[in-house]
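Participant: Before we start, here is the structure in question, set down as structure tokens.
The values are calculated or read from the model by the stated rules, or taken from the named source; none is laboratory data. Computed from a predicted model, the values in this text were never measured in an experiment. Note: ideal-geometry Cβ built from the backbone for every residue, glycine included; neighbour counts use all protein chains shown.
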């Protein structure tokens, strides 16, 4: 299978220019494949020797740490290579049908009204007929007025969300889905100003009924010369997404994408059932554990009536657990449990009613209330009334808080969520990646359309940029922990690798310190992670490094990738924090400290933000100075010193990016522009590197 | 584990007691409430008003407790009136037609007025 099959209409139907583009693309694809294979072979050649013959056991902690880091990098290169194997670029796009109904959903929370106005006005100018909705999670009356003024729709959360978990942007979109009806949805962040032809270029892909979404790039129009914060992600919104597209694993990135409503509803339903099964499992496990405790307490208190009723619940709980494992439909399972709970409550209710009737007969002055006692006796026979007295709203079993919770939760109505069906995944702070993965798992197709069709705003200060990067990283890692692509049912192997590849890159944070500190300890203490800086070492390492860089150059041909490479190393403290905080949110139930991105540019030089990197740079500088002094004075072996100095300087060049970013000050002209349009950005531009 | 019920008794005037209940009037709090009724009757404050404003939930055992309280009060020559019941209790009274036995006073004051007029 080559990319040729993916070209729309086949190469024969292309124009001459398009045929040229197609031929160039194929050449590049073959070159990439050759380099991937050579890189893999050289990696094995180098790393096998490192494992077998180079570890310096005298300094084993450093030696093993470096080997682990190099192994991580090799796996990273393999994952990258495998996902790049089917790199292709779609040439042209299929014609749309013409009668597609589209809702444009503009998600905003607390952005300035004028910024959203520009976005909405651009959406209202779309060539393809569509309905525009500003989905305002901030419930801002000025936003509502602006929407009315320009003739855009305006949506806020419905009453059902009152007091329920709001699920941030995913919740905002779910709410909007319930209030709109178009077959397709163009989803935009508040700052994304679209070109009028975005729908004409993307709707045609949906003629294939299996296509669930079409993603287009994110491009930021306010990025200053040199891109100090690494905002543009041309590698991600170019070759990486194009390559993932080749494996039918393009990512949905939360904005600038068109989605098929039917596919969203489908994953909503499937996940509803799966989540329900999972929740029931947890609830039932918990119930069995708690029931023992409850029974002991009741026994001690001598509450024999309740004890009998609670004991009777054991069987339906066991039955429900068994049923869950053997695939009994959930509604039936929960119904049986609820019936049994009612039956156990029945004996208590019967006894109570009989006692009421007896008491009434004994009350002086009420002897003539014959019809009330008759009615009570009749109640015992009337199944509907008995039902109401034993239902979970009135059941005497409610006396036990644990059982009350159980009665409420072992059901299919999800009494604790605003809406039973969640078409956008709510398992992560970035809803987009998990949503796309669920679609792929159900056999849907995705498309990455490489043309920039919307222009947005990037953060304009380091603090905001770092917060944004942290949030994406956390979201990705949360998905890795909650719905790991390797165990998620329904994905194809290469889709699993494509998803995992992105998750794996965020783990780089743990290995970056090894690469940073290894030359420093070498220069300061003379520690060496390898036995000898021999010619064999260089003979194996240098070709590997060169081919690695060549591969990167060919893949990133024509785009600037250096900024991204710098940031992917320099932001290592952020990557580490993303993994640890996502871990505690998923496994320890801690809330992610949700950062509200500030609306105005944060002024001043923010050295506090980059203190870890600064410390590293100081240590490296001292190490280099000591190394150079030794070299001049002729103390010690010169070769290791030279290697470590070069390595340390290279590290410092990579790290320096955050220093210049921290000192970056927009000029006055830009400042004036910023005053007008400054935004909280929900958008996603991939990681620094990829 | 079981939620305890809150019981406060007051003596607005001679022979009258106001019992304020709060929380869940159910099988696990029944005994305690019955005891409270028996206590005020033994104290010759047998014209009772039960303030249900704080009661969020009532079940058949709770109803039974109130009827038994009425019996205790009447047998001692007094009475038991209910005031300020919420939606869930009212629905249960109507289901069991006990609303024909008790008059459900909207407020404690109205229930007390009846006694004072006696």
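Participant: Does any residue of the range A:216-226 turn out to be at pLDDT 95 or above and at negative phi?
Facilitator: Yes, the range A:216-226 contains at least one residue that is at pLDDT 95 or above and at negative phi.
Participant: Being surrounded by 15 or more Cβ atoms within 10 Å (Cβ to Cβ) and at pLDDT below 95 is the requirement here; does residue A:109 meet it?
Facilitator: Yes.
Participant: Take the residues in the range A:384-400 that are modelled with pLDDT of 75 or more and more than 9 Å from chain B (Cβ to nearest Cβ); name whichever of them is surrounded by the fewest Cβ atoms within 10 Å (Cβ to Cβ).
Facilitator: Across the range A:384-400, the extreme among qualifying residues is A:384.
Participant: Something else about it: Looking at residue A:315, is it touching a residue at least 24 places away in the same chain (Cβ under 8 Å), at the interface with another protein chain (Cβ under 9 Å from one of its Cβ atoms), assigned to a helix (DSSP H, G or I) and closer than 29 Å to residue A:280 by Cα?
Facilitator: no
Participant: Another question about this same structure. Any residue in the range A:285-297 that's away from every other protein chain (no Cβ under 11 Å) and in contact (Cβ under 8 Å) with a residue 40 or more places away in the chain: show its pairings with residues that are part of a helix (DSSP H, G or I) and surrounded by 12 or more Cβ atoms within 10 Å (Cβ to Cβ) at Cβ separation under 6 Å, as long as the two are six or more apart or on different chains.
Facilitator: That search, which allows pairs on different chains as well, returns A:287/A:317; A:287/A:406.
Participant: Residue check: is residue A:99 on the phi < 0 side of the Ramachandran plot and touching a strand residue (DSSP E or B) at 6+ places or on another chain (Cβ under 8 Å)?
Facilitator: No, not satisfied.
Participant: Among what's in the range B:91-114 and is under 13 Å from residue B:53 (Cα atoms) and in contact with a helix residue (DSSP H, G or I) (Cβ under 7 Å, 6 or more places away or on another chain), pick the residue that is modelled with the lowest pLDDT.
Facilitator: Residue satisfying both the conditions and the ranking: B:104.
Participant: Under the condition of being in contact (Cβ under 8 Å) with a residue 24 or more places away in the chain and part of a helix (DSSP H, G or I), which residue from the range A:129-152 is surrounded by the most Cβ atoms within 10 Å (Cβ to Cβ)?
Facilitator: A:143
Participant: Being over 30 Å from residue A:440 (Cα atoms) and in contact with a helix residue (DSSP H, G or I) (Cβ under 9 Å, 6 or more places away or on another chain) narrows it down to one residue among A:286, A:332; which is it?
Facilitator: Of A:286, A:332, the one residue that is over 30 Å from residue A:440 (Cα atoms) and in contact with a helix residue (DSSP H, G or I) (Cβ under 9 Å, 6 or more places away or on another chain) is A:286.
Participant: Assess whether residue A:70 counts as being within 28 Å of the chain's Cα centre (by Cα), more than 23 Å from residue A:498 (Cβ to Cβ) and modelled with pLDDT of 95 or more.
Facilitator: yes
Participant: Would you point out the residue of the range B:97-114, among those that are surrounded by 19 or more Cβ atoms within 10 Å (Cβ to Cβ) and either touching a residue at least 60 places away in the same chain (Cβ under 8 Å) or within 22 Å of residue B:32 (Cα to Cα) (or both), that is nearest to the other protein chains (Cβ to nearest Cβ)?
Facilitator: In this case the residue turns out to be B:98.
Participant: Does the range B:1-10 include one or more residues that are crowded, with 17+ Cβ neighbours inside 10 Å, in a strand (DSSP E or B) and away from every other protein chain (no Cβ under 11 Å)?
Facilitator: The answer is yes; a qualifying residue exists.
Participant: So residue A:413 clears everything in (1) under 29 Å from residue B:71 (Cβ atoms); (2) surrounded by fewer than 19 Cβ atoms within 10 Å (Cβ to Cβ); (3) modelled with pLDDT under 80; (4) more than 8 Å from chain B (Cβ to nearest Cβ) except one condition, right? Which one?
Facilitator: With (1) under 29 Å from residue B:71 (Cβ atoms); (2) surrounded by fewer than 19 Cβ atoms within 10 Å (Cβ to Cβ); (3) modelled with pLDDT under 80; (4) more than 8 Å from chain B (Cβ to nearest Cβ) applied to residue A:413, the lone miss is (1).
Participant: Something else about it: Which number in (1) part of a loop (DSSP other than H, G, I, E, B); (2) farther than 14 Å from residue B:68 by Cβ marks the one condition that residue A:366 misses?
Facilitator: Failing condition for residue A:366: (2).
Participant: What number of residues within the range B:70-96 are in a loop (DSSP other than H, G, I, E, B), at the interface with another protein chain (Cβ under 9 Å from one of its Cβ atoms) and farther than 15 Å from residue A:349 by Cα?
Facilitator: Residues meeting the conditions: 1.
Participant: For the range A:9-57, how many residues are modelled with pLDDT of 90 or more, crowded, with 17+ Cβ neighbours inside 10 Å and not in a helix (DSSP H, G or I)?
Facilitator: Here the count works out to 1.
Conditions tested, residue by residue: (1) surrounded by 19 or more Cβ atoms within 10 Å (Cβ to Cβ); (2) touching a residue at least 24 places away in the same chain (Cβ under 8 Å).
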residue: A:127; (1), (2): no, yes
residue: A:154; (1), (2): no, no
residue: A:163; (1), (2): no, no
residue: A:170; (1), (2): yes, yes
residue: A:173; (1), (2): yes, yes
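Participant: Quick one: which residue in A:352, A:359 is closer than 19 Å to residue B:57 by Cβ and within 11 Å of another protein chain (Cβ to nearest Cβ)?
Facilitator: A:352
Participant: Same structure again: Among the residues of the range B:52-69, write down those that are more than 7 Å from every other protein chain (Cβ to nearest Cβ) and either under 14 Å from residue A:388 (Cβ atoms) or without any contact (Cβ under 8 Å) to a residue 24 or more places away in the chain (or both).
Facilitator: Within the range B:52-69, B:58 is the sole residue that qualifies.
Participant: Sticking with this structure for a sec: Which residue out of A:320, A:343 is more than 9 Å from every other protein chain (Cβ to nearest Cβ), buried (at least 21 other Cβ atoms within 10 Å of the Cβ), assigned to a helix (DSSP H, G or I) and at pLDDT 80 or above?
Facilitator: A:320
Participant: Follow-up question, since we're still on this one. Taking the options B:26, B:51, name whichever one is crowded, with 21+ Cβ neighbours inside 10 Å and in contact with a strand residue (DSSP E or B) (Cβ under 6 Å, 6 or more places away or on another chain).
Facilitator: Residue meeting the stated conditions: B:51.
Participant: Can I ask one more? Residues in the range A:198-216 that are in a loop (DSSP other than H, G, I, E, B) and either in contact (Cβ under 8 Å) with a residue 24 or more places away in the chain or within 19 Å of the chain's Cα centre (by Cα) (or both): how many?
Facilitator: Adding up the residues that qualify gives 3.
Participant: Check whether at least one residue in the range A:179-197 is touching a residue at least 12 places away in the same chain (Cβ under 8 Å) and part of a helix (DSSP H, G or I), and report yes or no.
Facilitator: no
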